Structure formats: structure tokens, C-alpha cells
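Asker: First the structure, which I've put down as C-alpha cells, then a few questions once you've had a look.
The values are calculated or read from the model by the stated rules, or taken from the named source; none is laboratory data. All figures in this text were calculated on a predicted structure; none of them were measured in a lab. For neighbour counting, all protein chains shown are included, and Cβ atoms are generated from backbone atoms with ideal geometry for every residue, glycine included. SASA here: full protein model, heavy atoms, side chains in, ligands and nucleic acids out. Shrake-Rupley method; radii C 1.70, N 1.55, O 1.52, S 1.80 Å.
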Amino acid sequence: SAASDVYKRQMFTYTTQVMGSLMMFSMVFVMITMSTASMERIAEVLNEEPSITNPENPVKEVADGSIRFDHVYFAYNEKSKEPVLSDINLDIKSGEVIGIIGSTGSAKTSLVNLISRLYDVTGGSLLVGGKDVRLIGDAEGFELVRRFPDHRQITVAAHDDTDFFHNAPPKQKRASAY
């Protein structure tokens, strides 16, 4: 009858509202759980101690802009089974321009980041101007070796004697990764 139909519609409406509220509550619970996990990960990153340390007596200048990779190995994680770069031997003379070509994910940027010491090599040695990059201090390393991104290339410039951004250095040394 009519009263029975009204009762059924009201029960359906109330049941739908209760279910909607329960679903919202469960979504809030899931979001809180995800937020907690994210917060813990952010705290881990912020509390992480840097693995690259500044040497006690850092090298303040280099002889030239030469870059030498001598049997260089690199892995992002010490526990990695395979290194990202393995047994890299490359000698870039001061003033020489080279192209590093490879597909996406082939470690071109990782190679360049080793020069500016955003990462340390895990094996072998990397020399800039005849000095091991691990002996160059953080501030000096960023002053001696800079990356200049461009739409077509990444240029690494090692320079001496003048401030690169205010005056053109008299002897600019470049290695480019295309």
C-alpha cells in the first residue's frame, strides 16, 4: 500500500545516508593512515645524515678544467647488486667538448652529477684538474664545477680566477653532455 511504499523509501534514504557516512569515515581513516606513513617518510629524509662529508683541508682551486674518470663505479645505494655506472674510463682535456649520448635512464645525468659531487663515486677515482673531487670542499666544489642546463645540452664548466656569473672567466673549461 501507499504507507508501505513511503516507509520503504524512507528506509532506503536513511540506509543510503548511513552508508555514505560510513564510507566517508572509512576514507578519512585511510587518508589518516596514508598521511601518517608519508609523515614518517618525510621525517626519515629530514633526519638523514649526509653521506658526503667535507674534507678537513679542502682543495680551494684546481690547475685546469680537465676531468678524468679512472675505473669509476657508482651505485645510488651501497646494497645495490649492480652499479649504475661500472668501470668508466674517460679523460676530458681542459677546453674539450664531448657529447654523452644514451637513452632515458642510461645514467648520463648520474655521470655529470659525480663531477659536481652531488654523489661520491663508489669505486675508482674522479679527478677534476688533477685533484680527487672528494678532496674539494662542498662550497669550493660548487664554485669550481657548475652545471648549466639548456634545452639541448647540459654543460659542466670548471673555471678559475673569476666569478663566472659576473665576469667571463679567462680560461673556461667545458664538458658537455648532449
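Asker: Taking the solvent-accessible surface of protein heavy atoms with a 1.4 Å probe, what is the per residue accessible area of the stretch 25-74 in Å²?
Answerer: Solvent-accessible surface per residue comes out at 82 Å².
Asker: Between VAL18 and SER86, what is the spin-label point distance in nm, taking each point 7 Å from the Cα along the Cα→C-beta axis?
Answerer: Output for this residue pair reads 6.3 nm.
Asker: How large a share of the accessible area of the stretch 1-110, in percent, is made up of carbon and sulfur atoms when the probe is 1.4 Å and the other protein chains stay in place?
Answerer: 60
Asker: Ranked highest first by the average count of other Cβ atoms within 10 Å around their residues, in what order do 13-19, 86-92, 125-131 fall?
Answerer: 125-131, 86-92, 13-19
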